[in-house]
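**Q** This is the structure I have questions about; it appears just below.
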Amino acid sequence: MAELTNDALRETVRERYAAAARATTEPAAKSGCCGSDPAIITDEQAEHFGRGLYADGERDELPEEALIASLGCGNPTAMADLSPGDTVLDLGSGGGIDVLLSARRVAPTGTAYGLDMTDEMLELARANQAKAGITNVHWLKGHIEAIPLPAASVDVVLSNCVINLSTDKPQVLRETARVLKPGGRFAVSDVIADPGMDDATRADVSQYVGCIAGALTRDEYTRYLAAAGLTDIEITETHRVHEAAGSAIIRARKPAV
């Protein structure tokens with residue numbers, strides 16, 4: 001997999017997500033994590049990716065552009081048990097759908113941060129925030145392997161089909177543990193690979209940027225979370241997204257002092 005773990009791969013991922021952000025300006029555009037086209041998913045895929053994973057009431061809360069740009073394979077805000085006053089961080093925040101939903105849930109005293117490496121997505125997210133009239137949000141540019149926040153500053157870390165795209169997933173989870181407060185929660189949606197995924201699929205760059213080839217197995221995810229110091233690890237598959245991978249809800253906790 002050496003060819004998949006370099007700067008060129010990161011740039012390929014960035015370009016794909018920039019294209020997805022630009023697609024929101026095109027009539028009837030739809031975007032998703034694992035579509036065959038870099039920015040468009042089919043009607044059949046919509047049930048498992050993007051806006052189709054959010055309830056009608058949630059969709060009504062946000063601008064259409066935030067829904068169109070949704071690239072996820074789940075709805076982490078629905079299972080993160082957010083409370084007013086929480087500080088929330090979304091890794092790979094894209095067009096901002098999960099950040100904006102979180103900001104509403106933690107208001108009036110809580111804060112939601114969105115971290116993304118793609119200028120086009122950050123621009124779109126800021127525009128969506130303005131349209132939604134939500135003020136308790138901060139957008140951060142950077143990489144999820146080096147989160148630009150202090151240690152022990154976040155109550156909940158979310159992510160939606162993004163950690164699988166990192167070329168250094170153990171580092172992402174170490175950074176997650178660093179920024180979580182004692183007792184803080186990790187609640188993400190991500191793609192989980194079957195143990196028997198074949199080498200050809202794992203070596204396919206198009207499958208990597210399509211969220212499949214870079215996915216960890218259940219055992220790998222569990223091992224890396226534990227090595228980062230997180231406990232109470234739960235991984236629950238929700239639906240199949242590929243013959244060799246499924247979408248899952250992944251929860252863990254940083255031990256309280």
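Nothing in this text is a laboratory measurement; each read-out follows from the coordinates by a stated rule. Note that the coordinates shown come from a computational prediction; the quantities given were computed from them, not determined experimentally. In this analysis, Cβ positions are derived from the backbone assuming ideal geometry, glycine residues included, and neighbour counts consider all displayed protein chains.
**Q** Applying the Karplus parametrisation 6.51 cos²θ - 1.76 cosθ + 1.60 with θ = phi - 60° to the phi angles of segment 77-82, what ³J(HN,Hα) value in whole Hz is obtained for each residue in order, glycine and proline being reported as x?
**A** For segment 77-82, the Karplus curve yields 5, 6, 10, 8, 6, 6 Hz.
**Q** Calculate the FRET efficiency for residue 226 and residue 10 from the Cβ-Cβ distance with a Förster distance of 35 Å, rounded to the nearest 0.05.
**A** Efficiency at R0 = 35 Å is approximately 0.85.
**Q** A further question follows. Sum up the charges of everything whose Cβ sits under 15 Å from the Cβ of residue 170, counting Lys and Arg as +1 and Asp and Glu as -1, but leave residue 170 out.
**A** -2
**Q** List every residue whose amide H lies under 5 Å from the amide H of residue 238, counting only residues 5 or more places away in sequence or on a different chain, with H placed 1.01 Å from N in the peptide plane.
**A** Excluding prolines and chain starts, which carry no amide H, the hits are 247, 248, 249.
**Q** Right, something else. How big is the Kirkwood radius of segment 80-227, worked out from every pair of different alpha carbons and given in Å to one decimal?
**A** For segment 80-227, inverting the mean 1/r across all distinct Cα pairs yields 15.8 Å.
**Q** Roughly how big is segment 101-162's charge dipole about its Cα centre, with Cβ charges of +1 (Lys, Arg) and -1 (Asp, Glu), in debye to the nearest 20?
**A** Computed about the Cα centre, the dipole is about 300 debye.
**Q** Still on this structure, please answer the following. Given H placed 1.01 Å from N in the peptide plane, which residues other than close sequence neighbours of residue 117 have an amide H under 5 Å from its amide H?
**A** Sorted by chain and number, the residues that satisfy this are 142.
**Q** For residue 141 and residue 198, calculate 0.36 nm times their separation in residues minus their Cα-Cα distance, and state this gained length in nm to one decimal.
**A** 17.1 nm
**Q** Which of the listed residues, 152, 191, 170, is farthest toward the dipole's positive end in segment 84-233, when Lys, Arg count +1 and Asp, Glu count -1 at the beta-carbon?
**A** Of the options given, the answer is 152.
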